[in-house]
Every structure is written in C-alpha cells, then in structure tokens.
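Before any comments, here is the structure.
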Amino acid sequence: MSRYLVRRAAQPPRFEDDFFTGDQWKNAETMTLENAYYRPGMNPEDCFRPNVKLKVMYDDQNIYGLYCVEDQYIKVTRTGYQQSVCCDSCVEIFLQPQDDEFHYLNFEFSGGTAMLLYNIHDLKTKKYDVVPDADCETVIRRSTLPAKVDPEITEPMTWKFFFQIPIALFVKTGTNVNPSLSGQVWHGNVTKCADECSHPAWMSWQSLTKLNFHLPECFGEFEFE
C-alpha cells in the first residue's frame, strides 16, 4: 500500500497556475499513475497508456487537485451529472475519510467537467446514494478541454483538469468525519479511463487485483500534512 502526502496550502492553489512551477503547486507531491489494465481478450496494442500525474493539496475548507494528462484518442460526449463519464476521456479520485470504513465518494470527472458522484457504502450489493445535483454544484471543476470533444482527437495532446472539493461535502455525506484534516490518514485511489474511445485506457495509482476501480481493499493512503 502506497501513501501520498497531501501538503497544506498556504493559499488556495489555482487552476491557472502551472502544474510544475506554479507558486502553490510546485510544493505539492507528484503522484504518477503507473498501473495499466486491459479487458480479457483485448489486444494491448488496441489500447493507449497515457502519462497521468496528479497533485493534491488542502486547507481548512477544501481539497484541491490538479491532473496533468499526456493523452491521445480523446473523446468527450457526456454532460451534466451522473452520466457514464468513464466512457469518455475521464479522470477519477476515490476518497474514504478516516474512521469511515464503509463509506467513500467516487469523484468521476470527464475531461469536459461532467461528473458522476455517488456516496458508496458497498457497490457489490448496490448500497449507494446518488449525490444530489445541489451538492455536486459545490465541487468546482475546470479543464483545458472543451465541454464536448466529438469527433475524437487522435493526435497526442496534454490537458489539465482541476478540482476543488469542499470538506463540508464529506461531513454531510459521511459519518464520523472530522473536518480538521491535519494529521489524518484517509484511503482512496486515483484512476484514468476512456472506455469508449477508439483506443481505451484504464490506469490506476494503486494496483488492482482485477479491472474494477471500486475495490476499497486496494485503496492506498492519503496523509494530510
């Protein structure tokens, strides 16, 4: 199990700041997604393995993230909330608060900022709640990709995606969530997918026992500085 150190931000990091040299983001640890997967019977040559990096920071109000994706075969067709954004060029982060063993939130972001978000207790038995649109609206999302990309972009391209998640959302949807994150250790995983692109991709930070991102037993650790 890997552990990622979430640095405390002196000021709220911004989407506009450079991923590597921006005044805030340069102090954050860099996470790289190194695990690639393929569906049974699929030729790996028909898939694509993007280079995906993520930086995460926090303060008293929010958790912030900035992805940098060196990608190809990019398509975005879903809009709004609670659609199957995993079929598009998509980045995801699954977060399980400390002391909340049977609860996590799966933030699934299309490159065009559409989002699927469930409050998950046990996906195997379909025990989950769809997060209402009003609560989804509190999650700020920014991308260098347009809201829709269709037809597919087949040339190599680097894009960035930013999220700002209010800590209050975890308090509202969870149990035993302490909003003072300093020193806490949460669990989760970070993934990249593109199920219906011409060259699909499935990547993760933490290694999975099978191609299923909803495996809490495979989650890594997020330590808040």
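Please treat every number below as a calculation from the coordinates, not as lab data. Worth saying up front: this structure is predicted, and the values here are computed from it rather than measured. When we count neighbours, we look across all protein chains shown, and the Cβ atoms used for this are built from the backbone with ideal geometry, even at glycine.
DSSP assigns beta bridges within the range 3-224; of those with both partners inside it, close to 90 percent run antiparallel.
Shape class for the range 104-225, computed from the alpha carbon gyration tensor (a ≥ b ≥ c): prolate, with a/c not under 1.5 and a/b above b/c. Name the most mobile residue of THR173, THR21, THR125, meaning the one with the largest mean-square fluctuation, in a Gaussian network model of the chain with Cα contacts below 10 Å. Checking each option, the largest mean-square fluctuation is seen for THR125. Only lysines eight or more places from LYS75 in sequence, or on another chain, were considered; those with a Cα closer than 23 Å are LYS53, LYS148, LYS160, LYS192.
Rounded to the nearest 20 debye, the dipole size of the chain about its Cα centre is 80 debye, using +1 on the Cβ of Lys and Arg and -1 on the Cβ of Asp and Glu. Structural descriptor for the range 1-106: relative contact order 20 percent, calculated from alpha carbon pairs under 8 angstrom and at least 6 residues apart. Placing +1 on the Cβ of every Lys and Arg and -1 on the Cβ of every Asp and Glu, with nothing else charged, gives the range 52-93 a dipole about its Cα centre of roughly 160 debye. In this structure, the amide hydrogen of LEU117, modeled 1.01 Å from its nitrogen in the peptide plane, lies closer than 5 angstrom to those of GLN82, VAL131, counting only residues at least 5 positions away or on a different chain. Label point of SER207 set 7 angstrom out along Cα-Cβ; within the range 1-21, amide nitrogens under 19 Å from it belong to 1-4. Under a Gaussian network description of the chain, with springs only between Cα atoms under 10 Å, the residue in PHE20, PHE48, PHE162 that fluctuates furthest is PHE20. What you get for the range 19-104, charging only the Cβ of Lys and Arg (+1) and of Asp and Glu (-1), is a dipole of about 400 debye around the Cα centre.
With each label modelled as a point 7 angstrom along the Cα→C-beta vector, the GLU217-TYR38 pair spans 2.6 nm. Per-peptide packing, taken as the mean over residues of other Cβ atoms within 10 Å, places 198-206, 148-156 in the sequence 198-206, 148-156 from highest down. Give the residues of the range 170-200 whose amide nitrogen is closer than 17 Å to a point set 7 Å from the Cα of ASP150 in the direction of its Cβ. Answer for this model: 194-199.
For the chain, the Cα gyration tensor yields ellipsoid semi-axes of 25, 20, 17 Å (square root of five times each eigenvalue, largest first, whole Å). Across the chain, C-alpha contacts under 8 Å between residues 6 or more apart give a mean separation that, scaled by the residue count, equals a relative contact order of 28 percent.
Each residue of the range 97-107 was assigned a 3J(HN,Hα) from its phi angle through the Karplus curve 6.51 cos²θ - 1.76 cosθ + 1.60 (θ = phi - 60°); the sequence is x, 4, 6, 10, 4, 10, 8, 8, 10, 10, 8 Hz, with glycine and proline shown as x. Phi-derived couplings, Karplus 6.51 cos²θ - 1.76 cosθ + 1.60 at θ = phi - 60°, listed residue by residue for the range 198-207: 4, 10, x, 9, 9, 10, 8, 6, 8, 5 Hz, with x used for Gly and Pro. Could you tell me the center-to-center distance, by alpha carbons, between the range 1-38 and the range 93-165 in angstrom? Cα centroid to Cα centroid, the span is 17 Å. Each of TYR118, TYR104 was scored by other Cβ atoms within 10 Å of its Cβ. Arranged with the fewest first, they read TYR118, TYR104. Rounded to the nearest Hz, the phi-derived 3J(HN,Hα) couplings of the range 116-132 under the Karplus curve 6.51 cos²θ - 1.76 cosθ + 1.60 (θ = phi - 60°) are 10, 9, 10, 9, 9, 9, 7, 5, 4, 9, 6, 9, 7, 10, 6, 6, x, where x marks glycine and proline. Run the Debye formula on the Cα coordinates of the range 15-104, all scatterers equal and no solvent, and tell me log10 I(q)/I(0) at q = 0.12, 0.19, 0.20, 0.21 1/Å. Listed by q, the Debye log ratios stand at -0.54, -1.18, -1.23, -1.27.
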